[in-house]
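Visitor: Handing you a structure now.
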Amino acid sequence: MITMIGAVIAVVWLLVTRMPQAFSVQPSLPAPLQMPTGTTAQAVTFGTGWIAVVTQDNRILIFSPEGQLRQDVAITAP
């Protein structure tokens, strides 16, 4: 029972001390990233060497880290 109490205290301590650090660093979009005319971003995700922007007109735009458009993928309904 003492081991379980110690484990719960350790887990709570780790969550309290590590979680604020996880949310403190936020990725930022590069300044030269220009969305095509008439598009509005709905979601953004970051990968290694690319940035994906989901638009409200059902497209996924893949950008380089420098902000150049690499690929435009249309999303079609099944």
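Visitor: What share of all Cα pairs of region 2-74, in percent, falls into each consecutive 10 Å distance bin?
Guide: The distribution over region 2-74 is 17, 34, 16, 15, 13, 5, 0, given as percents.
Visitor: Quick check: residue separation of residue 46 and residue 66 times 0.36 nm, minus the Cα distance between them. What number comes out in nm? If you can, show how the numbers build up before the last one.
Guide: Working: separation 20, 0.36 × 20 = 7.20 nm, distance 1.27 nm.
Here the segment from residue 46 to residue 66 would lengthen by 5.9 nm.
Visitor: Relative to the present Cα-Cα distance, how much length would full extension add between residue 77 and residue 2 at 0.36 nm per residue of separation? Kindly include the intermediate steps, with their values, before the conclusion.
Guide: Working: separation 75, 0.36 × 75 = 27.00 nm, distance 5.52 nm.
Stretched fully, the residue 77-residue 2 segment lengthens by 21.5 nm.
Visitor: Residue-wise, which Karplus ³J(HN,Hα) couplings in Hz belong to region 61-72, taking 6.51 cos²θ - 1.76 cosθ + 1.60, θ = phi - 60°, and x for glycine or proline?
Guide: For region 61-72, the Karplus-derived couplings read 9, 9, 10, 6, x, 7, x, 8, 5, 9, 8, 10 Hz, x marking Gly and Pro.
Visitor: Another question about this same structure. For helix 2-24, report the angle its Cα long axis makes with the longest principal axis of the Cα atoms of the chain; keep it between 0 and 90° and round to the nearest 10°.
Guide: 30
Visitor: Extending each Cα 7 Å along its Cβ direction at residue 56 and residue 14, get the distance between those two points in nm, one decimal.
Guide: 4.2
Visitor: Continuing with this model, one more query. In what sequence do 75, 2, 62 fall when counting other Cβ within 10 Å, fewest first? Spell out each step's value before the answer.
Guide: Values: 75 10, 2 6, 62 15.
With the sparsest Cβ surroundings first, the list reads 2, 75, 62.
Every read-out reported here was derived from the displayed coordinates using simple, explicitly stated rules and does not represent laboratory data. None of these values were measured; they are calculated from a predicted model. Cβ atoms come from the backbone with ideal geometry, glycine included; neighbour counts cover every protein chain shown.
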